[in-house]
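Please read the structure below before turning to the comments.
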Amino acid sequence: MPAISRKGQLMPESPIRKLVPYAEDAKLRGIDVIHLNIGQPDIKTPKQALDAVKNNTIEVLAYSRTEGSETYRKKLSDYYEKQQIQVTHNDILVTTGGSEALSFAMGSIADAQDEIIIPEPFYANYNGFATAMGIRVTPVLSRIENNFALPPIEEFEKLITNKTRAILICNPGNPTGYLYTKTEIQKLALLVKKYNLFLVADEVYREFTYDGKEHYSILQEKGLEEHAIVIDSVSKRYSMCGARIGCLVTKNKEVIKTALKFAQARLSPPTYAQIASEAALETPPEYFKEVIEEYVERRDLLITELNKIEGVIVGRPHGAFYCIAQLPIADADHFAQWLLEKYDLNGETVMVAPAAGFYATEGMGKNQIRIAYVLKKERLKKAVQILKEALKTYRAL
């Protein structure tokens, strides 16, 4: 038969979705699977967004502009101004999800065999986007012992070669929940200016910061205008994952011009989803106040309960809604599959995301899992109890 491409063979499997068949089999056996594996919020989508679609009188569902509708981009620039980020609608390219924005960014700034430095663990799909573009990911290790803080700048500098084109961060972080400080961002800014690199920041969890800490965007840093590229999305901010609307934001005109060429190949972002996303920008501040309070309560409960399990080490997130937990086992992939195939507690089990898929360094994260605390507190507490009992049984095998 004809051969599959080398690139296709190298494309990594999603650590979040590769266990789905085992979860489906468990459900068919009557097991209630509690999903800790995926960042799908259970928070209701703002009514404004849903009503904008329900009450729309469009008679022809036409293409939008390739760069996204002008009214939406102008309202987005107003939104960013409220975040102390000064951009115009011409600095924004609307994309089909933050994922497409990341692909466009990588394709615009790096060629095949070029390198992008990323602190690990990182959002697993960064590996996939890079592989699709023929780009090499150069990981720099952040550690659970330091709560996944930014590694020393010297560690980044040692990895820079003539093939390095950018440093990519997620802030707040998926899968760690770490929130980079203004000082850490400024250290990275000095480094990328020194070596004439891009600094790409995935800021889709911007609103979700806790403990009185504030998000500092790379677009707020003076002197970084030609280096800074922000990836954004409505998916998590407004609990609109299915809308598939994101954006690429940069004051670098050449990046916008180049990314637009990639965007033209897919014609335009979806029209109805842009209408919903534009309406979502009218969401009142109270919505976020309530959502953040809920996530703080969930985080605190999760961390408290995990710390009760002997041998478990867990990072404390200050943003997003994920944490990495280190388990007293050798192979989290095997454990995660075993949970779905062979374990239940009173007809219930849990689905977790093995963390090895969030690392680029072979062998790292083998005993770690990512947990998304996007469930109601009662269900979250039950999930940790199942995890606790499952670890006892698994370690006794």
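The values are calculated or read from the model by the stated rules, or taken from the named source; none is laboratory data. Predicted model only: the values in this text are computed from it and were never measured. Heads up, the Cβs are rebuilt from the backbone with ideal geometry, glycines too, and the neighbour counts pull from every protein chain shown. We work out accessible area using only protein heavy atoms, side chains counted, and drop any ligands, DNA or RNA first. Shrake-Rupley method; radii C 1.70, N 1.55, O 1.52, S 1.80 Å.
Being over 24 Å from the mean Cα position of the chain (by Cα) and charged (D, E, K, R) is the filter here; which residues of the stretch 48-77 pass it?
D51, K54, E59, R65, E70, K74
Does the stretch 31-86 hold any residues that are more than 24 Å from T258 (Cα to Cα) and of a type in the set (G, A, S), and which are they?
Scanning the stretch 31-86 gives G39, A49, A52, A62.
To keep it simple, each residue is scored yes or no on (1) under 28 Å from Q274 (Cα atoms); (2) in contact with a helix residue (DSSP H, G or I) (Cβ under 6 Å, 6 or more places away or on another chain).
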{"site": "L102", "(1), (2)": "yes, yes"}
{"site": "I109", "(1), (2)": "yes, no"}
{"site": "E120", "(1), (2)": "no, no"}
{"site": "P152", "(1), (2)": "no, no"}
{"site": "N162", "(1), (2)": "no, no"}
{"site": "Y180", "(1), (2)": "no, no"}
{"site": "T183", "(1), (2)": "no, no"}
{"site": "L188", "(1), (2)": "no, no"}
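Among the residues of the stretch 222-238, which ones are closer than 20 Å to T181 by Cβ and open to solvent by 30 Å² or more (accessible area, probe 1.4 Å)?
K222, G223 - these are the residues of the stretch 222-238 that are closer than 20 Å to T181 by Cβ and open to solvent by 30 Å² or more (accessible area, probe 1.4 Å).
Determine, yes or no, whether K308 is part of a loop (DSSP other than H, G, I, E, B), over 21 Å from the mean Cα position of the chain (by Cα) and closer than 30 Å to E145 by Cα.
Numbers: part of a loop (DSSP other than H, G, I, E, B): yes; over 21 Å from the mean Cα position of the chain (by Cα): yes; closer than 30 Å to E145 by Cα: yes.
Spelling it out, K308 is indeed part of a loop (DSSP other than H, G, I, E, B), over 21 Å from the mean Cα position of the chain (by Cα) and closer than 30 Å to E145 by Cα.
Return only the number of the condition from (1) of a type in the set (S, T, Y); (2) open to solvent by 70 Å² or more (accessible area, probe 1.4 Å); (3) touching a Ser or Thr at 6+ places or on another chain (Cβ under 9 Å) that T176 does not satisfy.
In the conditions (1) of a type in the set (S, T, Y); (2) open to solvent by 70 Å² or more (accessible area, probe 1.4 Å); (3) touching a Ser or Thr at 6+ places or on another chain (Cβ under 9 Å), T176 misses (2) alone.
For the stretch 345-371, what are the residues that are assigned to a loop (DSSP other than H, G, I, E, B), of a type in the set (A, V, I, L, M, F, W, C) and in contact with a strand residue (DSSP E or B) (Cβ under 6 Å, 6 or more places away or on another chain)?
V352, A360
The rows are residues; the columns are (1) touching a Phe, Trp or Tyr at 6+ places or on another chain (Cβ under 8 Å); (2) farther than 30 Å from K382 by Cβ; (3) open to solvent by 30 Å² or more (accessible area, probe 1.4 Å); (4) modelled with pLDDT of 95 or more.
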residue	(1), (2), (3), (4)
K7	no, yes, yes, no
K18	no, no, yes, no
I43	no, no, yes, no
D78	no, yes, yes, yes
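Can you tell me which residues in the stretch 124-159 are in contact with an Asp or Glu (Cβ under 8 Å, 6 or more places away or on another chain) and open to solvent by less than 40 Å² (accessible area, probe 1.4 Å)?
Passing the criteria: G134, I135, V137, T138, P139, V140, S142, A149, L150.
For residues in the stretch 214-262 being charged (D, E, K, R) and within 19 Å of the chain's Cα centre (by Cα), which is nearest to P175 (Cα to Cα)?
Among those that are charged (D, E, K, R) and within 19 Å of the chain's Cα centre (by Cα), it is K236.
Return the residue satisfying two criteria in turn: it lies in the stretch 80-123 and is among the acidic types (D, E) and part of a loop (DSSP other than H, G, I, E, B), and of such residues it is surrounded by the fewest Cβ atoms within 10 Å (Cβ to Cβ).
D111
When the stretch 313-328 is examined, which residues are found to be open to solvent by 10 Å² or more (accessible area, probe 1.4 Å), out of contact with any strand residue (DSSP E or B) (no Cβ under 6 Å at 6 or more places or on another chain) and modelled with pLDDT of 95 or more?
H318, P328
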